[in-house]
Amino acid sequence: MAGYRVAMHGSAGGGQDEAKFVIAAKMSGIPVCASIKDAKNALKTAASVFIPMETLDAQITRLIGLYPLMEMRSPLNTILQLINPLGTKASIMGASGSARRDLHRDIAMLLGVQQLSIIGNIRDIPEFGPFRTTTIYRLLDGASYDFSIPGMKQPGAEPDTLMTMREYWFAVWTGAARDERMEMVICATAAMALMTIECASADSFLEYYQRALRLWKDRLVAAA
């Protein structure tokens, strides 16, 4: 992305759609790596990689697997996003509760993280839906820094299709389908990632959003 290397980690995907995130990464041309060593090697030529937690740490996977038995989240679920297996210089994540956002940032500070953006979200995933005012909880050069980004106008819903969810997002990725709402989420998330790694100030969000939009429009040329 914009000349930067991106490392993603998380569940391979379970439930009825087993390994859905691994499948999605492969369909998008993102290498799926079985170890930190594999990820480092892949990033020598690839722009981004995905590391399933199932291969990164078996013990963590087993502990997370207790969720159906306990029927509740554990502290481990909360801190998973803070794992930085490749020691990247900047990180972006999402957190759903105000206390959790402060906890994540406090832990990151203790770990010596310098550049971090936590998206005040309704889910614990690094996805920025820009359609309502959103607070970003930052670490900027290791210091706390919060700001709010005003919401953008939400486009109308796209008509229903006969495609599965996987077929639909892949069609959007390849340009075979358009989904303005999905594209705005992607570009807003990418903009926040760029702002994080480049230590940008709050008032530059729209500038970075336009930059992310250009990158999105040029994605297929870059991948060719």
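The values are calculated or read from the model by the stated rules, or taken from the named source; none is laboratory data. Keep in mind it's a predicted model, so treat the numbers as computed, not measured. Please note: Cβ atoms are built from the backbone with ideal geometry, for glycine as well, and neighbour counts cover all protein chains shown. Ligands, DNA and RNA are excluded from the accessible area calculation, which covers all protein heavy atoms including side chains. Shrake-Rupley method; radii C 1.70, N 1.55, O 1.52, S 1.80 Å.
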Practice problem: Scan segment 50-66 and report the pairs whose first residue is modelled with pLDDT under 80 and whose second residue is assigned to a loop (DSSP other than H, G, I, E, B), with Cβ atoms within less than 6 Å and a gap of 6+ or a chain change. | Solution: none
Exercise. Give the residue that is modelled with the highest pLDDT, with candidates limited to residues of segment 182-213 that are more than 19 Å from the chain's Cα centre (by Cα) and charged (D, E, K, R).
Key: E207
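If you take the residues in segment 137-196 that are in a loop (DSSP other than H, G, I, E, B) and under 17 Å from K217 (Cβ atoms), which one is most open to solvent (accessible area, probe 1.4 Å)?
Start the filter on segment 137-196 by keeping residues that are in a loop (DSSP other than H, G, I, E, B), which leaves 141-142, 150-164, 175-179.
Filter once more, so that each one left must be under 17 Å from K217 (Cβ atoms): 155, 175-179.
Numbers: P155: 26, G175: 46, A176: 86, A177: 17, R178: 153, D179: 17 Å².
Among residues in segment 137-196 that are in a loop (DSSP other than H, G, I, E, B) and under 17 Å from K217 (Cβ atoms), the one most open to solvent (accessible area, probe 1.4 Å) is R178.
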Quiz item: How many residues does segment 89-118 hold that are in a helix (DSSP H, G or I) and closer than 18 Å to A202 by Cβ?
Solution: 2
Self-check item: Subset of segment 109-126 [under 14 Å from A188 (Cβ atoms) and of a type outside the set (A, V, I, L, M)]
Solution: S117, G120, N121, P126
